[in-house]
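Since the structure comes first, as structure tokens, the remarks are kept for the end.
The values are calculated or read from the model by the stated rules, or taken from the named source; none is laboratory data. Not measured: the values here are computed from a predicted model. Cβ coordinates were reconstructed from backbone atoms using ideal geometry, including for glycine residues, and neighbour counts include every protein chain displayed. Heavy atoms of the whole protein, side chains included, go into the accessibility calculation; ligands, DNA and RNA do not. Shrake-Rupley method; radii C 1.70, N 1.55, O 1.52, S 1.80 Å.
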4 protein chains.
Amino acid sequence: MARIVDKDAKKRGIIEAAAVVFARDGFANAKMADVAEEAGIGKGTVYEYFPSKEDLFLELCRHLVRWPQDKSRFLGDPREGLKTVIVAVLESYEKASSFFTILIDYWSVVVRDKNAKRDLFLAQGEGFYDYPRRLVAEVVRTGQARKVFSRAFTAEKIAQIIIAAIEGLRIQRMLDPRHVDMDADIKLLTHFVMAGLKPGNAARRTPAR
Amino acid sequence: MARIVDKDAKKRGIIEAAAVVFARDGFANAKMADVAEEAGIGKGTVYEYFPSKEDLFLELCRHLVRWPQDKSRFLGDPREGLKTVIVAVLESYEKASSFFTILIDYWSVVVRDKNAKRDLFLAQGEGFYDYPRRLVAEVVRTGQARKVFSRAFTAEKIAQIIIAAIEGLRIQRMLDPRHVDMDADIKLLTHFVMAGLKPGNAARRTPAR
Amino acid sequence: MARIVDKDAKKRGIIEAAAVVFARDGFANAKMADVAEEAGIGKGTVYEYFPSKEDLFLELCRHLVRWPQDKSRFLGDPREGLKTVIVAVLESYEKASSFFTILIDYWSVVVRDKNAKRDLFLAQGEGFYDYPRRLVAEVVRTGQARKVFSRAFTAEKIAQIIIAAIEGLRIQRMLDPRHVDMDADIKLLTHFVMAGLKPGNAARRTPAR
Amino acid sequence: MARIVDKDAKKRGIIEAAAVVFARDGFANAKMADVAEEAGIGKGTVYEYFPSKEDLFLELCRHLVRWPQDKSRFLGDPREGLKTVIVAVLESYEKASSFFTILIDYWSVVVRDKNAKRDLFLAQGEGFYDYPRRLVAEVVRTGQARKVFSRAFTAEKIAQIIIAAIEGLRIQRMLDPRHVDMDADIKLLTHFVMAGLKPGNAARRTPAR
DNA sequence: GATGAATGAGGGTTCATTCAT
DNA sequence: AATGAATGAACCCTCATTCAT
């Protein structure tokens, strides 16, 4: 009776359209009508697939980043692997061009308590950093296992610092592009990390206070 | 004469009220009426002091962070100074309790081009990181001058990484508090930096292609 | 498909409602909500058809007067034709019951420079007098061609005086109904015009310095 | 005890300021604050002299036009006197440069019933045309008494047409300046009137129906 | 399933007026 | 008498959502 439609494909189309519009206008200023137009469908149709603007946004956030799936290339030589994975993570972020601007709105929504969907959102939010954190941690762990990296700190913590620095640099670049030369800065970050991970170096530090 | 009023005090009162409301509800959802109520004044009165919601927000952002004014305590022993200044910068951020949630909206506003006030906003935005970046850079420079820190990288770049990492950690904590133990993470960050700044270590590394 | 609607009919309905409300309250005091209610629709719906209050007003002005379409009845005997067309023009104005009160606001809006739509408005404004001026002029010209009316003045100028007098009488009546007996006054006006147009009479007078 | 002030002078100052502001912005868009500023006094002070914006406006309207006070120059030769008085009336209107734009708003206010002050306004409104109408009528009457002008119509009616035509021309000029050459048009009007007033001419017309 | 016409709650902003000084 | 800070009612317009077709 009803037309046969690939609902999933249509859903994806709407999400792609939403990515464009939300990135451009921000969550608050984005209009559902614009999303519909961008997707080439009717305004009402969007609501056949997503119950609300917020839900669409949440769904969109789920599809923001595609992480590198092949870990093997990071797990050879630990020192090279670490350098490579840092660059790879940055690239994954950069490739999701609209990722960042959308992420900001995501944060903005998440930070406010009131919303009943907070937990849903938060669960989603972890995902933004969980995967790359685990990925980097694995590389570090490999290096630690092979005694190439110091064991003074847990791989998770180290990974966390790395991801944090990458994210922080991206923010600074957003607010003031002239101050940030991403390639050089990433190299410097890598240098710090490598230095801090040298077996000898690390041992002396952090007397746990 | 009309009512005698300390306009500056009143302005500050409104800004404080705005900080509460904007932090709680976000820029887009905050209502000027709520700001007025929070400030204990009439809706129209807010507009006697700020021409628009956006201007109030911008002004508010200007007052978000109070940076440490006494640099002397960071300029003694470079290694201790660096540790201290990192903690001090973090503390300045942390003290501005609503800083972060407001900053997010600030970003969100800044990222979208259209607005005519973009430049005003951007100029303001630099301020968020400029001061601490310069502060940290000065400490690093002092250490470099005394040959305690490697000169392989410019103090500015190093400071940038440090600020970025602090910021990134704060974001991760926001999205997933369980993964972040700020004190420990900051120590780890400090360790990496110190290691990377050891004169011998740095020498070998890529001198900024 | 969505609701099927005769958009033009709906537009007309809104304009009619607007005519009532604008005439009653004046442009400045009229509320879009009242227009909507008068039209029996929701507030937002008005904006589906007209982008702003001002645009609705302009559009309304376009529909204010219906001019006599059949000129033939004025083009027979010139003297009778002139008498008839003067009455017809007056009647067209009078029939548009709310015309005058709306026109006043129209003037008020037009006179103030600032507005970007001034040109649109002005173009519209000409229309209020253009058509009847041309109509009367044609009748006069016919009379002049047949040597029934003096050629000492251009038909356009003569028509202009006639329209002006009609309009002026309507204004005086508005401000002080007791002083104006429109039928008698129009007859007097006609008399003056006829006298002035007598071939012999006109010859002596200043031929437009 | 209180400062000694010439209240009338101050009142006049406010009215003059109001004339500027109301003429420029229109009644609806004029701001009391602007009037105060233009008058060089405080916002609240205006209310010491006028109970409301509307009252100020009404008072202003009372002072709009200064009519020619010396009638004698119109009462010599009737034909010359009539020509002269028509020009004099026009000039009185023209001299009150802001008169017209304010008058429009005056109409707009007057036309709407609701207002309790309607009668006050109307009484004022008559004044705009009463004086010149009587003035012109007197000139016509003089001519009629001397048998220079036809007695077929009352002087009042004739005066009314003349005033009406002048007013109508001014309106047309406002909406479309290119179509109106005021001097020439006034001459033409005068011609019509003179022709219509010729003793012989008038007799035949207006069979009272 | 798809559509887009209709809706109305909601919020930023204006400004005449009040009144403490 | 004079002031201008404070006020809040009022209103235009937006846009997420609904639902008749």
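Residue check: D:GLY40 meets all listed conditions (1) on the phi > 0 side of the Ramachandran plot; (2) without any contact (Cβ under 8 Å) to a residue 24 or more places away in the chain but one, namely (2). When restricted to residues that are open to solvent by less than 10 Å² (accessible area, probe 1.4 Å) and not aromatic (Phe, Trp, Tyr), the range A:47-56 contains 1.
Looking at this structure, is C:ALA33 open to solvent by 40 Å² or more (accessible area, probe 1.4 Å), among the hydrophobic types (A, V, I, L, M, F, W, C) and touching a residue at least 60 places away in the same chain (Cβ under 8 Å)?
no
Every condition in (1) open to solvent by less than 20 Å² (accessible area, probe 1.4 Å); (2) away from every other protein chain (no Cβ under 14 Å); (3) away from DNA strand F (no atom under 15 Å from the Cβ); (4) closer than 15 Å to A:PHE128 by Cα is met by A:GLU91 except one, and the failing one is (1). For the range B:9-22, enumerate the residues that are buried (at least 22 other Cβ atoms within 10 Å of the Cβ) and closer than 22 Å to A:PHE27 by Cα. Answer for the range B:9-22, where residues must be buried (at least 22 other Cβ atoms within 10 Å of the Cβ) and closer than 22 Å to A:PHE27 by Cα: B:ALA18, B:ALA19, B:VAL21, B:PHE22. So, of the residues in the range A:69-120 that are part of a helix (DSSP H, G or I), closer than 30 Å to B:VAL21 by Cβ and more than 14 Å from the chain's Cα centre (by Cα), which turns out to be modelled with the highest pLDDT? Out of the qualifying residues, it is A:SER108. Pairing residues of the range C:1-19 that are within 11 Å of DNA strand F (Cβ to nearest atom) with residues that are not in a loop (DSSP other than H, G, I, E, B), at Cβ distances under 9 Å and at least 6 apart in sequence or on separate chains, gives C:ALA2/A:GLY44. Taking the range A:171-186 as the range and being surrounded by fewer than 21 Cβ atoms within 10 Å (Cβ to Cβ) and modelled with pLDDT of 90 or more as the test, the residues that pass are A:ASP181, A:MET182, A:ASP183, A:ALA184, A:ILE186.
Within the range A:99-113, the set of residues being of a type outside the set (S, T, N, Q), at the interface with another protein chain (Cβ under 7 Å from one of its Cβ atoms) and open to solvent by 20 Å² or more (accessible area, probe 1.4 Å) comprises A:VAL111, A:ARG112.
Every test in (1) at negative phi; (2) crowded, with 16+ Cβ neighbours inside 10 Å; (3) modelled with pLDDT under 95 is passed by A:GLY26 save one, and that test is (1).
Quick grid of which residues meet (1) more than 16 Å from DNA strand E (Cβ to nearest atom); (2) among the acidic types (Asp, Glu):
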residue: C:VAL5; (1), (2): no, no
residue: C:GLY13; (1), (2): no, no
residue: C:ALA23; (1), (2): yes, no
residue: C:PHE27; (1), (2): no, no
residue: C:ASP34; (1), (2): no, yes
residue: C:GLU38; (1), (2): no, yes
residue: C:LYS43; (1), (2): no, no
residue: C:VAL46; (1), (2): no, no
residue: C:SER72; (1), (2): yes, no
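May I ask you to verify whether A:GLU59 is within 15 Å of DNA strand F (Cβ to nearest atom), at pLDDT below 90 and either of a type in the set (Lys, Arg) or open to solvent by 30 Å² or more (accessible area, probe 1.4 Å) (or both)? Break it down into steps so the answer makes sense when it comes.
Working: within 15 Å of DNA strand F (Cβ to nearest atom): yes; at pLDDT below 90: yes; either of a type in the set (Lys, Arg) or open to solvent by 30 Å² or more (accessible area, probe 1.4 Å) (or both): yes.
Yes.
Within the range B:62-88, track down each residue that is open to solvent by 40 Å² or more (accessible area, probe 1.4 Å) and closer than 25 Å to B:VAL109 by Cβ. Steps first, answer last, please.
Here is the first cut: in the range B:62-88, the ones open to solvent by 40 Å² or more (accessible area, probe 1.4 Å) are B:62-63, B:66, B:69-73, B:75, B:77, B:79-80, B:83-84, B:87.
Listed by number, the residues that qualify are B:ARG62, B:HIS63, B:ARG66.
Residue check: is B:ASP6 open to solvent by 30 Å² or more (accessible area, probe 1.4 Å) and within 14 Å of chain A (Cβ to nearest Cβ)? So B:ASP6 fails the test.
Would you point out the residue of the range C:20-33, among those that are of a type outside the set (Gly, Ala, Ser) and within 8 Å of DNA strand F (Cβ to nearest atom), that is nearest to C:SER108 (Cα to Cα)? Spell out the reasoning first.
Our first condition is that a residue be of a type outside the set (Gly, Ala, Ser); within the range C:20-33, this holds for C:20-22, C:24-25, C:27, C:29, C:31-32.
In the following step, the residues that additionally are within 8 Å of DNA strand F (Cβ to nearest atom) were identified as C:29, C:31-32.
Numbers: C:ASN29: 13, C:LYS31: 18, C:MET32: 19 Å.
Residue satisfying both the conditions and the ranking: C:ASN29.
Scanning the range D:154-169 for residues that are within 9 Å of another protein chain (Cβ to nearest Cβ) and either within 14 Å of D:LEU82 (Cβ to Cβ) or open to solvent by less than 10 Å² (accessible area, probe 1.4 Å) (or both) yields a total of 11.
Would you be able to say whether some residue in the range B:36-46 is aliphatic (A, V, I, L, M) and open to solvent by 20 Å² or more (accessible area, probe 1.4 Å)? For the range B:36-46, residues aliphatic (A, V, I, L, M) and open to solvent by 20 Å² or more (accessible area, probe 1.4 Å): present. Which one is farthest from the other protein chains (Cβ to nearest Cβ) among residues in the range D:187-209 that are modelled with pLDDT of 80 or more and open to solvent by 20 Å² or more (accessible area, probe 1.4 Å)? The residue in question is D:PRO199.
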